[in-house]
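**Q** The structure under discussion is supplied below as structure tokens; questions concerning it will follow.
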Amino acid sequence: MEHNWITSEEVHQYVLHYSIAETEVLKALNKETNESVKGAQMLSGAHQGAILSMLSKLIKPRNVLELGTYTGYSAICLADGLPEEGKVHTIDIDDRLNEMRLQYWHAAGLQAKIILHIAPALDVIPTLEAEFDLVFLDADKGNYINYFDLLMDTLPVGAVILADNVMFHGDVLKPEEEQSKAAKHIQAFNDHVQASDRVETVMLPIRDGISIIRKIK
Ligand SMILES: C[S@@+](CC[C@H](N)C(=O)[O-])C[C@H]1O[C@@H](n2cnc3c(N)ncnc32)[C@H](O)[C@@H]1O
């Protein structure tokens, strides 16, 4: 089950048909995640995966940072625009999915390009030396603001952060007293980003909402 509540199934199928096709490896990973892993709605899926792949190809990042690996689907898509020596550093606190992640990264020929870190992202980010031009922010919503502030201190001007779930099932549209805790975190994050003069942002109503945030100073 993909997490597409914004568009109708008809629209979703139409845009999928005319977008970069899901590779056999991604199809298999999507299927196995949906059949056997808890929380499968968290997986980016075919359309968002195509968007991550296209943006990576357009941005041509030296290195990519991903916060929130889950079963490793988005890491494969984000690797698409990397140069020969570029890497995706992806961080997750859960090591139970390691075997599955490595199996699919290997199948995609990316075992040497995707570097997995198992620890809280806030601890790992300051230890990374690579320069990141593209970040996929998709870990715990309660820390989105902390991730943003940390990244503002370390990313080069021109770097792009893709923040996922910025419309949080539509809960951000509800009055505050009806919002879930996670939706309140996301609402606070959206306000925090908007108040920053160091970035420019476009929010896209795709899947669960994605903001493209570009560091300008
Ligand atoms: C939405 S899922 C990531 C989905 C994945 N990016 C994809 O598109 O297929 C969020 C992941 O963040 C991880 N996570 C939660 N808290 C974290 C933290 N403090 N540091 C790093 N990862 C965390 C969870 O274990 C989970 O696998």
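**Q** When a/c is below 1.5 the answer is rounded, else prolate if a/b is larger than b/c, else oblate, so apply that to the chain with a ≥ b ≥ c taken from the square roots of the Cα gyration tensor eigenvalues.
**A** rounded
**Q** Evaluate the relative contact order of the chain (contact order divided by residue number), counting alpha-carbon pairs under 8 angstrom at least 6 apart; express in whole percent.
**A** Reported as a whole number, the value is 18 percent.
**Q** Right, next: Report the full-extension gain for the segment Ala188 to Lys38: residue separation times 0.36 nm, less the Cα-Cα distance, to one decimal in nm.
**A** Stretched out fully, the Ala188 to Lys38 stretch lengthens by 51.3 nm.
**Q** Run the dipole for the range 157-217 about the Cα centre, Lys and Arg Cβ at +1, Asp and Glu Cβ at -1, nothing else charged, and hand back the magnitude in debye, nearest 20.
**A** 320 debye
**Q** Now for a different question. Please rank Val199, Val166, fewest neighbouring Cβ atoms within 10 Å first, as an exposure proxy.
**A** Val199, Val166
**Q** So if I place +1 on the C-beta of Lys and Arg and -1 on the C-beta of Asp and Glu, and nothing else carries charge, what would the dipole magnitude of the range 107-210 be about its Cα centre? I want it in debye, nearest 20.
**A** 260 debye
**Q** Which of Thr201, Thr33, Thr90 has the fewest other C-beta atoms within 10 Å, and how do the rest follow up to the most?
**A** Going from sparsest to densest Cβ surroundings: Thr201, Thr33, Thr90.
**Q** Here's a follow-up. Separation between the Ala130 and Ser180 pseudo-spin-labels, each 7 Å from Cα along Cα→Cβ, expressed in nm?
**A** In this crude spin-label approximation the distance works out to 3.1 nm.
**Q** Over the chain, what is the percentage of antiparallel beta bridges among all DSSP beta bridges, to the nearest 5?
**A** 40 percent
**Q** Here is a follow-up. If the label point is 7 Å along Cα→Cβ of Ile216, which residues in the range 129-143 have backbone nitrogen under 14 Å from it?
**A** None, by backbone N distance to the label point.
**Q** In debye, nearest 20: dipole of the range 9-215 around its Cα centre with unit charges on the Cβ of K, R (+) and D, E (-)?
**A** 300 debye
**Q** Using the Cα centre of the chain as origin and beta-carbon charges of +1 (Lys, Arg) and -1 (Asp, Glu), tell me which of Pro156, Val193, Ile212 is placed farthest towards the positive end of the dipole.
**A** Towards the positive end, the residue furthest out is Pro156.
**Q** Can you sort Arg62, Arg207, Arg96 so the residue with the fewest Cβ neighbours within 10 Å comes first?
**A** With the sparsest Cβ surroundings first, the list reads Arg96, Arg62, Arg207.
**Q** Which value in nm describes the separation of the simple spin-label points at Asp171 and Asp95, placed 7 Å from the Cα toward the beta carbon?
**A** Going by the 7 Å Cα→Cβ label model, 3.0 nm.
**Q** May I pose another question? Starting from the Cα of Leu150, step 7 Å along the direction of its Cβ; do the same at Glu24; then give the gap between the two resulting points in nm.
**A** Going from the Leu150 label point to the Glu24 one covers 3.9 nm.
**Q** Something else: In straight Cα distance, which aspartates and glutamates are under 18 Å from Lys113, not counting same-chain residues fewer than 8 positions off?
**A** Result set, ordered by chain and number: Glu66, Asp80, Glu84, Glu85, Asp92, Glu99, Glu129, Glu131, Asp133.
**Q** Hey, another quick one. Full-extension gain between Glu84 and Gln111, please, as 0.36 nm times their residue separation minus the C-alpha to C-alpha distance.
**A** Extending this stretch completely gives an extra 8.4 nm.
No value in this document is a laboratory result; all are computed from the given coordinates. Predicted model, so just to flag it, every value in this text is computed and none were measured. Quick reminder, even Gly has a Cβ in these numbers, built from the backbone with ideal geometry, and neighbours come from all protein chains shown.
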